[in-house]
1. What FRET efficiency would be calculated for the residue pair PHE124, ASN246, taking the C-beta separation as r and a Förster radius of 45 Å, to the nearest 0.05?
2. In angstroms, what radius of gyration and Dmax does the range 303-348 have, counting Cα atoms only?
3. For q values of 0.10, 0.21 Å⁻¹, compute log₁₀ I(q)/I(0) with the Debye formula on a Cα-only model of the range 181-299, without solvent.
4. From the convex hull of the Cα coordinates of the chain, what is the mean projected area in square nanometres?
5. Grab the beta carbon distance between SER226 and THR45, set R0 = 41 Å, and tell me the FRET efficiency rounded to 0.05.
6. For the range 35-186, just the Cα set please: Rg and Dmax, both in angstrom.
7. Give, rounded to the nearest 20 debye, the magnitude of the charge dipole that the chain has about its Cα centre when Lys and Arg contribute +1 at Cβ and Asp and Glu contribute -1 at Cβ.
8. In degrees from 0 to 90, rounded to the nearest 10, what is the angle of the helix 228-239 Cα long axis to the longest principal axis of the chain?
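Laboratory data are not the source of any read-out in this text; all were calculated from the coordinates shown. What you see is a predicted model, and the numbers here were worked out from it, not measured in a lab. Here the Cβ is made from the backbone with ideal geometry for all residues, glycine too, and neighbour counts use every protein chain on show.
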Amino acid sequence: NSDLVLYVNLELVNLPQNRRYIVKEMLGQGTFGQVAKCWEPETNTYVAVKVIKNQPAYTQQAMVEVSILDTLNRKYDPEDKNHIVRILDYFMHHQHLCIAFEMLGNNLYELIKGNRYKGLPLSFVQRFSKQILQALVVMKDAGIIHCDLKPENILLCPRAKPAEIKVIDFGSACEEGRTVYSYIQSRYYRSPEVLLGYPYTTAIDMWSFGCIVAELFLGLPLFPGSSEYDLLKRMMEILGGQPPDNLLRDAKNTTKFFKQVGRIYSNSVSSAYRVLTEEEYETRESKKPQIGKRYFKFITLEDIISQYPYRNMPEEEISRESSMRKALIDFLRGLVEFDPVKRWSPLQAIYHPFVTGEEFKEPYKPLPETPRIPVFQAVMVDHNPGG
Ligand code: ADP
Ligand code: MG
């Protein structure tokens, strides 16, 4: 059926060096511009070309995307084993920066939607988790934060590679230690530290990843916050607890959501902060907080996962499913962890029984993260020019 729309929008793009991309159909639109499915006659392949709006801010950010993805591909994943989209080319066309990527399929949101928001079988959740984690291990090694991990930005590979996925859209990515923006991540997948305005690291991608894993299983977002206040309240309700005091003490936006009720340096077990009631929030922000409906019958993460309908599962599979759900709960607890310091790193998470498929017996204790040893590149210095 997609053949019918193939030639609408047909346009021939002629490039120097005989590169031609024939636009066949539009794949997606965003604030940055549009993505077109194109035919490349020289290589007989389809490619996805992102055409950036011809405005300096978009072009600049897209150049960051090009440079980050090029580094990730060539330096950190030369053999294309780690589920990160390949960048093929980039060029200027009529003052539009264009980026050509390998052609991929539907995104994971479309997959969930196609399954009528009922969630995917745990075997798929496990396979996808492992692949996303491989991408995250590479990104962390490279010191890159994706900043917009969500189901829409994870694409299925073409049919030749079933159940394979790739992470796309490095249009919001940044280098760790060069975190320029504070308003990042799509709301449902936004980490507590970003929400509260606290210096962030690659750990924010691990929070988003946890939210994605839960959503793949449940079919619906775990924290569908209608506003930032609603998002925070949902996290606190489902997870129990709240962000740690040291984070609340140093974060820029703490007073938007919390009230100080105790001494910060006291050794008391209770927190020095209490979340604002809706009324208090309204008074402080001079607007009613938007509050959304609950999506799940149960409140806690444990209940939401373990009590999720078993659908029409054969009797003999139920005990394995129940054991895998226990592993999933333990896995999620390490990911959607309020404290970014305690939250598992990609390498810690990748050895969890939920990912490895080992039998889950007891709460997982990851090995401590070994500090990253910087790799220094040898630089040749010519001490004897012309000699
Ligand atoms: P944005 O910054 O707008 O989110 P993306 O890079 O995510 O930009 O691209 C927008 C949409 O275009 C994606 O959600 C997807 O539907 C489509 N798309 C992007 N890259 C590809 C690709 N390599 N293959 C197929 N479709 C793609
Ligand atoms: Mg996107």
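1. The formula returns an efficiency of 0.75 here.
2. Rg and Dmax of the range 303-348, Cα atoms, are 13.6, 41 Å.
3. Taken in order of the listed q values, log10 I(q)/I(0) reads -0.31, -1.31.
4. The orientation-averaged projected area of the Cα hull of the chain comes to 26.5 nm².
5. Working: r = 43 Å, r/R0 = 1.04.
Efficiency at R0 = 41 Å is approximately 0.45.
6. In order Rg, Dmax, the Cα atoms of the range 35-186 give 15.7, 47 Å.
7. 660 debye
8. Tilt of helix 228-239: around 60 degrees.
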